[in-house]
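The values are calculated or read from the model by the stated rules, or taken from the named source; none is laboratory data. Bear in mind the structure is a predicted one, so any value in this text is a computation, not a measurement. Heads up, the Cβs are rebuilt from the backbone with ideal geometry, glycines too, and the neighbour counts pull from every protein chain shown.
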There are 2 protein chains.
Amino acid sequence: MADQKTKTRHHHGNLRAALIEAGIDLLSEGGVEALTLRKCAARAGVSHAAPAHHFDGIDGLRVAIAEEGFLRFRKRMLDFADAGEQSPRGRLQGICKGYLAFAREDPALYDVIFSFRANSELIEQVQVNAAPAYQVLRDTCAPLVPPGTDPLVIETQVWSLVHGYALLNMTGRFGACTPPDDAVLALLDRIGIAA
Amino acid sequence: MADQKTKTRHHHGNLRAALIEAGIDLLSEGGVEALTLRKCAARAGVSHAAPAHHFDGIDGLRVAIAEEGFLRFRKRMLDFADAGEQSPRGRLQGICKGYLAFAREDPALYDVIFSFRANSELIEQVQVNAAPAYQVLRDTCAPLVPPGTDPLVIETQVWSLVHGYALLNMTGRFGACTPPDDAVLALLDRIGIAA
DNA sequence: ATCTGCATTTTTACACTGTAAAGTTTATCG
DNA sequence: CGATAAACTTTACAGTGTAAAAATGCAGAT
């Protein structure tokens with residue numbers, strides 16, 4: 001019995017999923033500041049204290065939202081990789097474009113995903129949820145790792161580059177004179193080649 | 001008269017500076033969540049409504065804190081650049097090390113500095129405050145820009161790389177197996193060279 | 001020197017948020 | 001059918017930002 005993972009029982013049905021959905025909507029509509037336990041509860045049609053039985057406070061909800069966010073993040077990267085040129089470097093370009101697309105399409109969700117800090121108590125669970133998304137980047141980098149090089153070095157170079165570029169865009173750093181994505185993506189072609 | 005910029009008059013003295021100082025202390029002690037108008041006021045020994053006459057709400061205080069933060073950020077980069085090898089690439093390595101040092105020494109202040117988003121109403125003032133810090137990076141990159149290349153391309157590559165690496169560190173991405181800084185800094189030597 | 005004006009600060013008040021505790025409803029199972 | 005537990009509501013409280021009004025005290029003018 002009770003085989004369906006998200007059971008639709010009791011009063012509301014599956015409140016947990018509804019709250020996560022409401023939270024993601026609030027984020028896309030009003031940014032990180034708009035994400036509130038009470039507003040999520042109101043959208044789901046329950047009292048403001050109901051979420052307490054499904055999440056460990058507002059941070060617990062944010063972790064759950066990040067879990068769903070990482071799923072979408074991963075999907076976006078894979079979609080772009082599958083749609084582009086099917087060479088190792090073509091796929092790397094693809095996932096980086098998907099990376100940027102996700103950040104631009106839902107910047108608040110992107111912010112939530114990367115809002116947990118290393119000293120947080122929640123960081124371990126967030127890392128578990130993030131692992132499949134990072135694995136995409138890892139797999140895509142793998143064919144480009146030169147023999148004798150630690151894969152972590154290549155992965156770190158790629159992640160840092162695209163992550164930093166996405167953030168600099170979101171912080172409005174470039175203002176009117178925004179560089180084209182190619183300015184950064186071109187550097188990808190210099191990663192992992194013999195010096 | 002009234003030539004001294006931050007005048008020390010009236011009741012408190014210069015409450016504005018005291019509130020900024022209190023805010024920076026709160027950040028380093030308790031992270032971004034600990035930054036509160038009321039706590040800053042309490043530390044400065046004034047009532048909780050006093051800050052309203054010096055800042056435009058909590059966001060106004062955050063902008064002012066970011067202004068001071070960018071000053072310290074700039075100084076940290078210049079200190080590292082001046083202390084290292086005095087070649088164009090040596091200085092670039094220096095400012096990047098200073099960049100990372102600042103982020104690690106005061107992660108919450110670093111977070112505040114880069115917390116304003118492009119759609120914010122405050123972004124223009126933040127950009128003004130940030131300009132001197134970014135100019136350091138710009139000046140350091142200048143000697144490494146190949147003829148015929150837009151300097152913005154080189155700057156963006158360098159900023160994205162170090163900014164992303166700093167953030168990935170702070171989000172605890174690497175966990176136990178943290179790559180050495182050299183894994184990323186080494187890529188700097190491939191920036192701006194002929195393909 | 002005193003008085004008036006004004007910047008500064010305090011007091012008071014209110015809405016919103018997270019959270020805890022106790023009570024109520026309802027599904028599930030014996 | 002009744003007992004039990006899960007889901008949810010109600011109530012309550014502390015902390016936060018913010019606005020408005022009242023009080024304070026310095027500066028310059030008369």
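Here are the numbers:
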{"item": "Condition broken by residue A:1, with the remaining ones in (1) within 16 Å of DNA strand C (Cβ to nearest atom); (2) hydrophobic (A, V, I, L, M, F, W, C); (3) at pLDDT 95 or above satisfied", "result": "(3)"}
{"item": "Sole exception among (1) among the polar types (S, T, N, Q); (2) more than 22 Å from residue B:173 (Cβ to Cβ); (3) assigned by TED's automatic domain parsing to the domain that holds residue A:146 for residue A:115, by number", "result": "(2)"}
{"item": "Subset of the range A:150-176 that is within 7 Å of chain B (Cβ to nearest Cβ) and of a type in the set (Gly, Ala, Ser) - its residue that is surrounded by the fewest Cβ atoms within 10 Å (Cβ to Cβ)", "result": "A:175"}
{"item": "Tally, over the range B:11-36, of residues that are of a type in the set (A, V, I, L, M), within 30 Å of residue A:118 (Cβ to Cβ) and surrounded by fewer than 20 Cβ atoms within 10 Å (Cβ to Cβ)", "result": "2"}
{"item": "Test: residue in the range B:39-62 that is surrounded by 15 or more Cβ atoms within 10 Å (Cβ to Cβ), aliphatic (A, V, I, L, M) and touching a Phe, Trp or Tyr at 6+ places or on another chain (Cβ under 7 Å)", "result": "yes"}
{"item": "The one condition in (1) more than 14 Å from DNA strand C (Cβ to nearest atom); (2) farther than 18 Å from residue A:132 by Cβ that residue A:96 fails to fulfil", "result": "(2)"}
{"item": "Pick from the range B:23-45, criterion under 15 Å from residue B:58 (Cα atoms) and away from DNA strand D (no atom under 12 Å from the Cβ), ranking: nearest to the other protein chains (Cβ to nearest Cβ)", "result": "B:27"}
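To keep it simple, each residue is scored yes or no on (1) assigned to a helix (DSSP H, G or I); (2) assigned by TED's automatic domain parsing to the domain that holds residue A:184; (3) under 13 Å from the mean Cα position of the chain (by Cα).
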| residue | (1), (2), (3) |
| --- | --- |
| A:47 | no, no, no |
| A:71 | yes, yes, yes |
| A:74 | yes, yes, yes |
| A:92 | yes, yes, no |
| A:96 | yes, yes, yes |
| A:131 | yes, yes, yes |
| A:135 | yes, yes, yes |
